[in-house]
Amino acid sequence: MFFKMITASLVRRRSRMLVALLAIAVGATILSGLVTIYIDVPRQMGAEFRNYGANMIFMASSNDAVFDMDTVQTGIDKIEQGKLVGVAPYRYETVRIHEQPVVAAGTDLSQVQTTSPYWMIDGEWPEKDEEMLVGQNIAESLNLHAGDLVNVMGPTEEDSEDQLNFGVDIRVTGIVETGGKEEDYIYMSMADLETLVGEGELDVVELSVSATAEELDRYVKTIESEAEGITPRLVKRVTQSESTVLGKLQALVFLVTAVVLVLTMICVATTMTAVVAERRKEIGLRKALGASDASIMKEFMGEGLLLGGVGGILGSVLGFVFAQFVSVRVFASSIRYQPLLLPVTILVSILITGLACLFPVKNATTVDPALVLKGE
Amino acid sequence: MSLLELRGISKIYGDLKALDNINLSVENGEWTAIMGPSGSGKSTMMNIIGCMDKPTMGEVLLDGVDIAKESAKNLTAIRRDKIGLIFQQFHLVNYLTAVENVMVAQYYHSLPDEKEALEALARVGLADRAKHLPSQLSGGEQQRVCIARALINHPEIILADEPTGNLDEANENIVLDLFRQLHEEHTTLIVVTHDPEVAEVAQRTITLEHGRIKSDEINKMFGRN
Ligand SMILES: Nc1ncnc2c1ncn2[C@@H]1O[C@H](COP(=O)(O)OP(=O)(O)O)[C@@H](O)[C@H]1O
Ligand SMILES: [Mg+2]
């Protein structure tokens with residue numbers, strides 16, 4: 001009977017309870033959605049950074065050996081087959097755009113996509129020679145946009161005897177945004193850079209190696225001692241930025257979740273207060289029929305908690321859909337379902353609803369049963 | 001010993017005496033009508049007899065127990081076990097069906113028993129309306145559900161405050177017929193009414209005025225109409 005009463009109250013008085021249910025469901029959706037993202041995105045981002053981001057660099061040793069792709073290859077050979085995910089060589093030279101000196105990096109842009117997966121490109125990655133990326137800062141100061149065709153000149157006469165007077169027309173396919181020093185360079189193919197400034201040595205090579213910390217240490221030692229002309233180093237930068245980004249993301253998720261839960265609570269408390277006010281006659285009647293304060297509290301709490309439970313179930317399902325949507329749109333990866341989140345979301349929903357109902361329900365017990373004999 | 005005895009009951013609101021030194025006893029099985037103009041204290045008296053309010057002064061003996069001295073919690077229990085209430089506005093729970101409304105009273109009293117609740121509805125002629133919501137019932141039907149609910153726990157006294165106030169002639173007669181049946185089964189009935197026709201069919205009529213008993217008469221015509 002108890003259950004029949006509270007379910008009938010919810011089912012047959014839909015419109016009023018729908019508001020509260022909606023509030024709880026939205027709260028639970030955001031809670032479970034954000035927590036899913038909170039748990040899952042670091043896992044994915046971590047996986048991406050660790051597996052694909054550059055975690056080793058090669059630089060030239062101070063001896064006389066030429067530091068070019070052949071030299072680099074001797075180092076790469078020391079890394080086990082299949083462990084190497086990407087190799088991006090960089091050669092930095094000064095060129096001119098609109099008579100302004102600009103540092104150009106010649107590289108293999110298809111490899112950069114794997115060694116620097118965190119680069120945000122406004123536009124497209126270049127697919128062939130005579131296409132380039134421009135750092136955000138350069139793009140701003142020279143007023144360049146994706147799609148522009150730009151005449152890039154070699155260095156001035158003082159710098160080099162065999163300068164190209166006509167330069168090369170290169171199309172900007174995208175603008176690089178990283179929030180770091182990458183925004184101060186332009187990136188073109190090695191071939192284009194050689195056309196502009198002639199042949200030369202590499203400055204640095206970024207490698208992405210899928211290996212444990214111990215394996216990486218071992219590779220560094222082997223290459224240092226056995227590959228002539230290469231000084232290998234491990235890079236920590238990416239993991240560090242990864243953890244600050246994640247820290248910020250997680251703090252934000254916490255904050256938003258807390259705010260949403262408080263809002264949900266206010267909404268449920270308001271609705272329940274209205275419900276109690278609206279049902280004063282009914283409460284008076286129940287008391288006149290012999291209901292104790294405890295049973296009145298039990299019934300209203302029961303309604304509230306049932307609402308919380310249903311809202312929680314609804315919310316955890318919607319939350320997963322929401323998280324999936326956000327994940328696919330923002331992080332371009334699908335999310336793994338957290339089975340523990342279902343009971344946690346339902347529990348938290350019930351808890352929040354219970355808390356929100358506490359005051360209105362206590363209020364319900366103050367209704368005077370004599371009210372039912374007062375004519376209106 | 002009388003079933004109910006009021007001794008020197010007063011109820012004072014500020015400087016208004018809603019009830020002023022009422023002395024009254026009601027025997028088991030008696031059918032009493034209470035009349036009087038609006039504001040004369042009828043509802044106040046019903047609230048006190050129905051254990052929903054306490055007098056400012058005096059004793060209320062129900063089965064020999066002075067309910068004026070009981071705690072609110074005990075009053076709830078006494079009300080549940082001994083009193084059946086019928087209201088002018090019916091006061092059905094609007095999201096529960098007729099039979100569920102009867103079962104609510106069972107639920108607070110002891111255990112809900114659908115079969116018994118259906119029997120109570122059949123008794124007031126509503127067997128085929130048991131699964132209807134109050135909004136799907138006429139005023140007379142709603143009042144009969146209210147009567148079935150008042151009867152379900154076999155109370156010692158049925159208190160009815162203007163039970164026919166919102167009903168038409170035909171439904172009023174149905175309700176009065178039910179009261180006659182209850183009286184024949186020795187149920188104690190106290191019925192507040194404005195309507196002389198409703199008072200007339202009772203055994204005894206008490207008239208209140210300004211919180212005092214103005215008259216207390218045995219109806220000589222009782223049982224003949
Ligand atoms: N809670 C209250 N506070 C103040 N005055 C009240 C209260 N309840 C009833 N009264 C007053 O007591 C008198 C008797 O009221 P009531 O018993 O409801 O009259 P009746 O039911 O005979 O119309 C009225 O004057 C009413 O205004
Ligand atoms: Mg009245």
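The values are calculated or read from the model by the stated rules, or taken from the named source; none is laboratory data. Note that this is a predicted model, so its numbers are computed, not measured. Here the Cβ is made from the backbone with ideal geometry for all residues, glycine too, and neighbour counts use every protein chain on show. In case anyone asks, the SASA skips ligands and DNA or RNA and just uses the protein heavy atoms, side chains included. Shrake-Rupley method; radii C 1.70, N 1.55, O 1.52, S 1.80 Å.
Remarks
- Between A and B, accessible area buried - total, square angstrom, nearest 100, 1.4 angstrom probe: 2500 Å²
- Note on chain A: with charges restricted to the Cβ of Lys and Arg (+1) and Asp and Glu (-1), its dipole about the Cα centre is near 5280 debye.
- Residues in the stretch A:343-376 occluded by at least 50 Å² - accessible area, probe radius 1.4 Å, against chain by itself: A:372, A:373
- On the basis of the beta-carbon distance and an R0 of 25 Å, residue A:59 and residue A:328 show a calculated FRET efficiency of 0.05.
- Full extension of the chain between residue A:368 and residue A:16 gives 124.3 nm of extra length, using 0.36 nm per residue less the Cα-Cα distance.
- Efficiency of FRET from Cβ geometry, residue A:212 and residue A:103, R₀ 25 Å, rounded to 0.05: 0.10
- Equivalent ellipsoid dimensions for the stretch A:277-376 as semi-axes, Å, which come from the Cα gyration tensor, largest first: 42, 12, 9
- Nonlocal amide H pairs with residue B:192, under 5 Å, H built at 1.01 Å: B:34, B:160, B:161, B:162
- Three principal axis extents of the stretch B:1-125 based on alpha-carbon atoms, in descending order, are 47, 31, 28 Å.
- At q = 0.30 Å⁻¹, base-10 log of I(q)/I(0) for the stretch A:276-335 (Debye sum, equal scatterers on each alpha carbon): -1.09
- Over chain B, relative contact order from alpha-carbon pairs under 8 Å, at least 6 apart, %: 28 percent
- DSSP beta bridge pairing in the protein assembly as shown, given as percent antiparallel to the nearest 5: 70 percent
- Secondary-structure-derived ellipticity at 222 nm for chain A, considering helices only, amounts to -18500 deg cm²/dmol, per-run term -39500 (n - 2.57) for DSSP H runs with n ≥ 4.
- Chain A, relative contact order [Cα under 8 Å, separation at least 6], %: 29 percent
- Using the Cβ-Cβ distance between residue B:114 and residue A:248 with R0 = 56 Å, the FRET efficiency computed as 1/(1 + (r/R0)^6) comes to roughly 0.40.
- Accessible area (Å², 1.4 Å probe, nearest 10) - residue A:171: 100 Å²
- C-alpha center-to-center spacing [the stretch A:190-222, the stretch B:1-73] in angstrom: 100 Å
- Other protein chain C-beta atoms within 10 Å of residue C-beta, averaged over B:176-187: 0.
- Too-long pairs where the Cα-Cα distance tops 18 Å, listed order kept, from A:181/A:248; B:11/B:42; A:4/A:281; A:298/B:73: A:181/A:248; A:4/A:281
- Prolate/oblate/rounded call for the stretch A:76-211, Cα gyration tensor, a/c under 1.5 rounded: oblate
- Principal-axis tilt of helix B:98-109 within chain B, Cα atoms, nearest 10 degrees: 50 degrees
- Take each residue in B:88-95, count the other chain C-beta atoms within 10 Å of its C-beta, and the mean is 6.
- Cut-off 13 Å (backbone N to label point 7 Å along Cα→Cβ of residue A:344), residues of the stretch A:1-34: A:31-34
- 3J(HN,Hα) along the stretch B:206-216: 10, 10, 9, 8, 6, x, 10, 7, 8, 8, 9 Hz, from the Karplus curve 6.51 cos²θ - 1.76 cosθ + 1.60 with θ = phi - 60°, whole Hz, x for Gly and Pro.
- Probe 1.4 Å, accessible area per residue of chain A, Å²: 49 Å²
- Lysines whose Cα lies under 20 Å from that of residue A:221, excluding same-chain neighbours fewer than 8 positions away: A:78, A:83, A:236
- Measuring between their Cα centroids, the stretch A:260-332 and the stretch B:132-208 lie 39 Å from each other.
- The stretch A:130-145 - phi-based ³J(HN,Hα) in whole Hz, Karplus 6.51/-1.76/1.60, Gly and Pro as x: 6, 10, 8, 9, 10, x, 3, 5, 5, 4, 5, 6, 9, 6, 9, 9
- The protein assembly as shown - Rg and Dmax from Cα coordinates, angstrom: 43.0, 138
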